[in-house]
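**Student:** Just passing along the structure, written as structure tokens.
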Amino acid sequence: MANLTAPKMITSMLSKISPRRGVEGLFIIVGLVIVLTFIFMAIFAPVLAPYDPNKTRVGGLYESPNSKFPMGTDRLGRDILSRIIWGSRTVLIVTFLSMALSSACGVTLGLISGYVGGKFDTALSLFMDSLYAFPGLILAIALAVMLGQGIMPVTVSLTVVYVPIYFRMIRGEVLSMKESLFVEAAKAIGAKGRTLIFKYIFPNVIPSIPIVLSLNAADAVLTLAALSFLGLGLPAHIPDWGFDLRMGYGALTAKIWWPGTFPGLMIVLLTLGFSLFGEGLAEILNPKLSGR
Amino acid sequence: MTSLRVYIIRRILLSIPMLLILLSVVFVVLRVAGDPVSAMLGGHAPISEIERIRKQLGLDKPLYIQYLNYLMNLAHFDLGRSMIWGQRPVLDEILEHFPATLELSISAFTFSILLGVFTGVFSARRRNKPADHAIRLYGIITYSIFIPWFGLVLQLIFGVYLGWLPISGRSDPRMAPEIITGLYVLDSILTMNLPGLIDSIRHLILPTVTLGIYLSGIYTRLTRTHMIDILQSDFIRAARARGLPERTIIYKHALKNAFIPILTMMGLQFALLLAGAVLTETTFSWPGMGYFLYERISYRDFTTIQGTIVFIATLIVLISLIVDIIYVYIDPRIRY
Amino acid sequence: MISDLLRIEGLRVYYYTRDGVVMAVDNVDLFMKKGETIGLVGESGSGKSTLGRAILRLVPPPGRIISGKIVFDGLNLTELSEEEMRKIRGKRISMVFQDPMTSLDPLMKIGDHIVETIMAHETLTREEAEEKAIKLLEQVGIRSERFMDYPHQFSGGMRQRVGIALALALNPDLVIADEPTSSLDVIVQFQILDLMKELKNLYGMGMILITHDISIIPGIADKVALMYAGQLVEFADAKSFFNEPLHPYGKALLESIPNIQHSDQKLKYIPGNPPDLINPPKGCRFSPRCPYATEKCREEEPPTIMVGHHRLVKCFQY
């Protein structure tokens, strides 16, 4: 693996993804289509959304789905479809931002910790392992309570939850690389520490990165939705699926099913998209990981 | 047998530093991430009020003193007092809500394992056939379920439209059993209260199914993977050659061996169970720890939130201890 | 021929792998009388283990019995239902496996293995089955107090004794022993072989001893069946085979056994590799490695010829 360059590896990875690969290929493609649809919705939200998501009384209160409002209106007479379209923007921004931050922090800390070793490594690993032992949601709740509402606080809460995953992955890789012979050999011919990392460690990790990222994204979408659902998410003016779902419970017993069902369905669909993509990749690239 | 006892004692001793580290992490997260008082009051309160509460919580002292106080209090099982209403001891309030969580957890956990193991075995025996693919998809879908949404759908179908099952709470107040253990199903049985028993079970069904299906996916895959491995192993082939009935081979030999990694996962899954319980309880207004946490979050009741998280951390350490001990009893290779 | 315990006719077992069809057992005929012991010899990959498993209809997927008959005591096993077959396995035909380390359930006490086997076939109470199991264990040289121990507490040789006790638990008519000693060290090998001889005399069952090690055959087998590349190339009584093997492969095999009496003799080995069973060589499958091969051998498949009394060989030389 180590002597393959990254582009080569990606093409070899892509060549393995095709519908002919059976169910796994199908999983990947369906997952990708779902995720791309949501990304498309998020980017073109201003064009796609028929109404202002925050404008109240664009229709009646609790109008059931009809030709004017395909998904009905909510308790304030806002168009649910428009809120869903704008909501995809919120979810994807927070998800991608927290993924980028957590992978950057996790990878950096993992590299340093694994490379430096000693007491520093022990202490940091212990801390990360304890974070990891916590249920992600409970940890996110604790952080969100302290940090308050808003896009950035929520993003930071999610970031902290996922840092340990990357940290553990990279640190483990660094440690095993440190042991292995070809690094010894590279040291002997005078490769510097940084070259070692980029030349040998990253290529070994790269194949699992898309898997970890997409499974993580799936989890992040759920955790964000849960925070919003529990009232720890975003301020009221930002359309947010989790919060809309919470509000949808209000008139449930009056058989008003649409205000909760649609936003919730989006949460599940987007999560499913990321999971299908990640699981499919995992089974093709790393059959040992998830067992045939 | 003595080595077994030594192992268990060592394992118990080992969980003390584990707990200490986890509790320290809770402290770090809750103090470093922000100021509890401004988080609670939203930053708009008068300075004098903020100062008063800081003093009351001991937050005016240096951080290391706060840390020592925190640990000392925990050592005395003191989680502080709630910051709203009667300012009752947090531990009392948690323990009041704990049986409801325990009841839901036991029932959902059992349901998820039965469902997961059953689908996993089914899938493994039909490897790479359509039923197998369908079950693998099921495994991925359960992983993607958002509990509040799934709960909402079940409430709509079975509660609102069909009217078969109640959609919130633990019991009809008129039929609630006399409390002995706090587990309503058990209490109803102990007090021979048949209507109470039926009522408690009816309330338990939807939350159990919601949380149970969410948790079952991981057991489905794990059972499938390990059953596939084990069904190809020598001792299964040998068992077939001895003419044992297929049922004995699958359930007595293969499943028992596949169950060891499943048990390991059960310990790890406990954290997920707790997180899932918070959402399930909120969804179904199930008056357990999770619902309690949700209520106090909306008041930003700092001591209660901290106390609940400490309680959960302790539970996690405790469960991993119990799982490790059960493990020894199941796998004779560790026992000797 | 009615007194035959086992008669195999035209048996073909193929594995349908992703790379192609592996013809692991290709048109094999074999017959044995009650109480007889056949040494089924061949290199690894010659199809001998597949043949052994096919008799119990336990060829692992993607393998399948394609055609042929396996007649055991008048019953054609290939036509039985799965449940009828189950009743034969362990009870009338049993098996001893190669690796005693992995062929016992690690989570089950060894005594329970035997009790379970007995109770799967006979209507006995648990106490009666336990009594029988203890007797069996003592017969194979395991003290009764080890009844409650788990497999990992036994050495390899001891576990193979358990394997033998399991195979004999229901007093079968035929035991298929698939490389029963190959995973054991030499001294234990002899102990196990001695035990098997002793128990064979006691129980009088028929046995198919599958092995790649031809040196363990003398003294235990009445007949030798030599397999090469999925086919039976020689079938003879053991005495005549060791006196004078007919098939060139048999000759080469005997010459490759170290002989203490003739230590000055150079040890021979068979040049070349066993053939690929997806695309076997044309003509005689041994021809690429055979010193006597002629043009005809490379073109045509040799017939199976009867030489003397009941001695079969698949070679053009006879």
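**Student:** Could you give me D for the protein assembly as shown, from Stokes-Einstein at 20 °C and 1.002 mPa s, where the hydrodynamic radius is the Kirkwood radius over C-alpha pairs? Units µm² s⁻¹, please.
**Tutor:** 65 µm²/s
**Student:** Something else now. Which pairs in the list C:K91/C:K251; C:K87/C:K135; C:K48/C:K132; A:K119/B:K256; A:K119/B:K55 are over 30 Å apart, alpha-carbon to alpha-carbon?
**Tutor:** The answer is C:K91/C:K251; C:K48/C:K132; A:K119/B:K256; A:K119/B:K55.
**Student:** What is the magnitude of the charge dipole of the protein assembly as shown about its Cα centre, with +1 placed on the Cβ of each Lys and Arg, -1 on the Cβ of each Asp and Glu, and no other charges, expressed in debye to the nearest 20?
**Tutor:** Around 1380 debye, computed over the protein assembly as shown.
**Student:** So what's the gap between the Cα centers of the range B:293-309 and the range B:37-99, to the nearest angstrom?
**Tutor:** 10 Å
**Student:** Here is a follow-up. Which part of the range B:182-217 falls in the paramagnetic zone of B:D172, meaning amide N under 14 Å from the point 7 Å along Cα-to-beta-carbon?
**Tutor:** Backbone N within reach: B:194-204.
**Student:** Given H placed on each backbone N at 1.01 Å, which residues far from C:V307 in sequence or on other chains put an amide H within less than 5 Å of it?
**Tutor:** C:L312, C:V313
**Student:** Antiparallel DSSP bridges in the protein assembly as shown: what percent, to the nearest 5?
**Tutor:** So the antiparallel bridges amount to about 65 percent of the total.
**Student:** Find the relative contact order for the range A:71-291 and round it to a whole percent, using C-alpha pairs within less than 8 Å whose residues are 6+ positions apart.
**Tutor:** 27 percent
**Student:** What residue among B:S105, B:S216, B:S24 has the largest mean-square fluctuation in a Gaussian network model of chain B, using Cα springs under 10 Å?
**Tutor:** Top of the fluctuation ranking is B:S24.
**Student:** C:N201 to C:T78: extension gain in nm, 0.36 nm per residue of separation minus the Cα-Cα distance?
**Tutor:** 41.3 nm
**Student:** If you don't mind, there's one more thing I want to ask. Taking the alpha carbon gyration tensor of the range A:71-291, what are the square roots of 5 times its eigenvalues, largest first, to the nearest whole Å?
**Tutor:** 41, 18, 13
**Student:** Another question about this same structure. Once amide H atoms are built 1.01 Å from N in the peptide plane, which residues 5 or more positions from C:S94, or in another chain, come under 5 Å H to H?
**Tutor:** C:L174, C:V175, C:I176
**Student:** When the Karplus curve 6.51 cos²θ - 1.76 cosθ + 1.60 is applied with θ = phi - 60°, which whole-Hz ³J(HN,Hα) does each residue of the range C:142-153 get, with x for Gly and Pro?
**Tutor:** Using θ = phi - 60°, the values come out as 10, 5, 5, 6, 8, 3, 8, 7, 9, x, 5, 8 Hz.
**Student:** If the only charges are +1 at each Lys and Arg Cβ and -1 at each Asp and Glu Cβ, what is the size of the charge dipole of the range B:208-336 around the Cα centre, to the nearest 20 debye?
**Tutor:** So the magnitude is around 600 debye.
**Student:** Under 10 Å, Cα contacts only: if you run a Gaussian network model on chain C, which one of C:L56, C:L124, C:L137 comes out with the highest mean-square fluctuation?
**Tutor:** C:L124
**Student:** Next up: For a quick size check, give me the Cα extents of the range B:2-75 along its three principal axes, largest first, whole Å.
**Tutor:** Principal extents (largest minus smallest coordinate, Cα): 63, 18, 14 Å.
**Student:** If you don't mind, another one. What size of dipole, in debye to the nearest 20, comes out for chain B about its Cα centre when the only charges are +1 on Lys and Arg C-beta atoms and -1 on Asp and Glu C-beta atoms?
**Tutor:** Approximately 1540 debye in magnitude.
**Student:** Over all Cα pairs of chain C, how is the pair count split among 20 Å bins, expressed in % and running from 0 up to the last occupied bin?
**Tutor:** 31, 57, 12, 0
**Student:** Using only the Cα atoms of the range B:58-114, construct the convex hull and provide its projected area averaged over every direction, in square nanometres to one decimal.
**Tutor:** Its average projected convex-hull area is 6.0 nm².
**Student:** Over all residues in C:98-106, what is the mean tally of Cβ atoms on other chains that come within 10 Å of each residue's Cβ?
**Tutor:** 5
**Student:** Follow-up question, since we're still on this one. Among C:G156, A:V205, B:S38, which residue has its Cα furthest toward the positive end of the charge dipole of the protein assembly as shown, with +1 on Lys/Arg Cβ and -1 on Asp/Glu Cβ?
**Tutor:** A:V205
**Student:** While we're on this one: Please name which of B:L63, B:F77, B:L102 has its Cα lying farthest along the dipole of the range B:1-131 towards the positive end, using unit charges on Cβ (Lys, Arg +1; Asp, Glu -1) and the Cα centre as origin.
**Tutor:** B:L102
**Student:** I need to check one value: relative contact order of chain C, counting alpha carbon pairs closer than 8 Å and at least 6 residues apart, in percent.
**Tutor:** 20 percent
**Student:** Zone of C:T294 (label point 7 Å along Cα→Cβ, backbone N under 15 Å): which residues in the range C:302-318?
**Tutor:** C:302-303, C:315-318
**Student:** Per residue of B:245-257, count partner chain C-beta atoms within 10 Å of its C-beta, then hand back the mean as an integer.
**Tutor:** Mean partner-chain Cβ count within 10 Å for B:245-257: 2.
**Student:** Could you tell me how far the Cα centroid of the range C:104-175 sits from the Cα centroid of the range B:236-274, in Å?
**Tutor:** The range B:236-274 and the range C:104-175 have Cα centres separated by 22 Å.
**Student:** Bin width 10 Å, alpha-carbon pairs only: give the P(r) of the range B:90-330 as whole percents, running from 0 to the bin holding the largest distance.
**Tutor:** So the P(r) values, bin by bin, are 7, 26, 31, 23, 10, 2, 0.
**Student:** In the range B:90-330, if the dipole is taken from +1 on Lys/Arg beta carbons and -1 on Asp/Glu beta carbons about the Cα centre, which of B:T223, B:M175, B:L318 is farthest to the positive end?
**Tutor:** B:T223
**Student:** If you don't mind, another one. So what is Rg over Rh here for the range A:34-86, counting just Cα atoms and using Kirkwood for Rh?
**Tutor:** With Rh from the inverse mean 1/r over Cα pairs, Rg/Rh is 1.01.
**Student:** Relative contact order for the range B:90-330: what percent, with Cα pairs under 8 Å and sequence separation of 6 or more?
**Tutor:** 30 percent
**Student:** The range B:128-236: Rg/Rh from Cα coordinates, Kirkwood Rh?
**Tutor:** Over the Cα atoms of the range B:128-236, Rg/Rh equals 1.15.
**Student:** Using helices alone, I'd like the mean residue ellipticity at 222 nm for the protein assembly as shown: each DSSP H run of four-plus residues gives -39500 (n - 2.57), total over residue count, nearest 500.
**Tutor:** Here the helix-only value at 222 nm equals -18500 deg cm²/dmol.
**Student:** Here is a further query. The range C:1-75 to the range A:218-275: how many Å between their Cα centroids?
**Tutor:** Their Cα centres are 62 Å away from one another.
**Student:** Roll a 1.4 Å probe over the protein heavy atoms and report the accessible area of B:M40 in Å², nearest 10.
**Tutor:** Only protein atoms counted, so the area is about 40 Å².
**Student:** Given labels modelled 7 Å from the Cα in the Cβ direction, how far is it in nm from A:M247 to C:I257?
**Tutor:** Roughly 8.9 nm, to one decimal.
**Student:** How much FRET efficiency would the formula 1/(1 + (r/R0)^6) give for C:E301 and C:D194, where r is the Cβ-Cβ distance and R0 is 35 Å, rounded to 0.05?
**Tutor:** 0.30
**Student:** Mind telling me which of B:T248, B:T304, B:T280 comes out most flexible in a GNM of chain B, alpha-carbon contacts under 10 Å?
**Tutor:** Result: B:T248 has the largest fluctuation of those listed.
**Student:** Still on this structure: Could you check the spin-label model distance between A:L126 and B:Y329? Points 7 Å from the Cα along Cα→Cβ, value in nm.
**Tutor:** 3.2 nm
**Student:** Return the loop-located chymotrypsin sites (Phe, Trp or Tyr not before Pro) in the range B:61-91 (DSSP other than H, G, I, E, B) with at most 11 other Cβ atoms within 10 Å of their own Cβ; answer none if there are none.
**Tutor:** B:F77, B:W85
**Student:** Here's something else I'd like to know. Across the residues of A:127-140, average count of Cβ atoms on other protein chains within 10 Å?
**Tutor:** Mean partner-chain Cβ count within 10 Å for A:127-140: 6.
The values are calculated or read from the model by the stated rules, or taken from the named source; none is laboratory data. Since we're looking at a predicted model, the values are computed, not measured. Here the Cβ is made from the backbone with ideal geometry for all residues, glycine too, and neighbour counts use every protein chain on show. The protein model used for the area step is the full one, side chains on, heavy atoms only, and it has no ligands, DNA or RNA in it. Shrake-Rupley method; radii C 1.70, N 1.55, O 1.52, S 1.80 Å.
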